[in-house]
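Right, one structure below, let's go through it.
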Amino acid sequence: MHILWTIIIGFVIGLLARLVMPGDDSHGIVITTLLGIAGSVAASYAGQALGWYAEGQAAGFIASVLGAVALLAVARLFRKKQA
């Protein structure tokens with residue numbers, strides 16, 4: 001059940017990140033979900049490194065969206081350089 005919940009929340013976070021950063025993104029549902037999950041993981045590690053979260057504590061919803069937005073920005077930078 002934990003994996004299913006992670007996928008659902010990751011999808012919602014990925015959608016919110018794509019709404020915050022409008023642009024020409026033709027990613028599908030799988031990439032959007034992976035973006036949300038990766039953003040949450042990145043925000044958790046960054047928060048732990050900065051001392052905002054305890055060891056093993058997950059990032060909050062807003063921090064997860066910000067992490068996904070940061071990953072989306074990095075992905076767009078790499079995509080522009082390749083094209």
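A few points about this structure:
- Selection from segment 34-55 of residues that are hydroxyl-bearing (S, T, Y) and touching a helix residue (DSSP H, G or I) at 6+ places or on another chain (Cβ under 7 Å): S40, Y53
- Among residues of segment 30-57, those that are over 19 Å from R79 (Cβ atoms) and hydrophobic (A, V, I, L, M, F, W, C), counted: 8
- Among residues of segment 15-33 that are closer than 20 Å to F61 by Cβ, those with a beta-carbon under 9 Å from a residue that is charged (D, E, K, R) and modelled with pLDDT under 85 at least six positions away or on a different chain give the pairs R18/D25; M21/R76; T32/D25.
For every residue, the table says whether it meets (1) among the small types (G, A, S); (2) over 10 Å from the mean Cα position of the chain (by Cα).
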{"site": "M1", "(1), (2)": "no, yes"}
{"site": "A17", "(1), (2)": "yes, no"}
{"site": "H27", "(1), (2)": "no, yes"}
{"site": "L66", "(1), (2)": "no, no"}
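- Leading residue by the ranking (farthest from I13 (Cα to Cα)) among those in segment 45-83 that are modelled with pLDDT of 85 or more and hydroxyl-bearing (S, T, Y): Y45
The values are calculated or read from the model by the stated rules, or taken from the named source; none is laboratory data. Note that this is a predicted model, so its numbers are computed, not measured. Quick reminder, even Gly has a Cβ in these numbers, built from the backbone with ideal geometry, and neighbours come from all protein chains shown.
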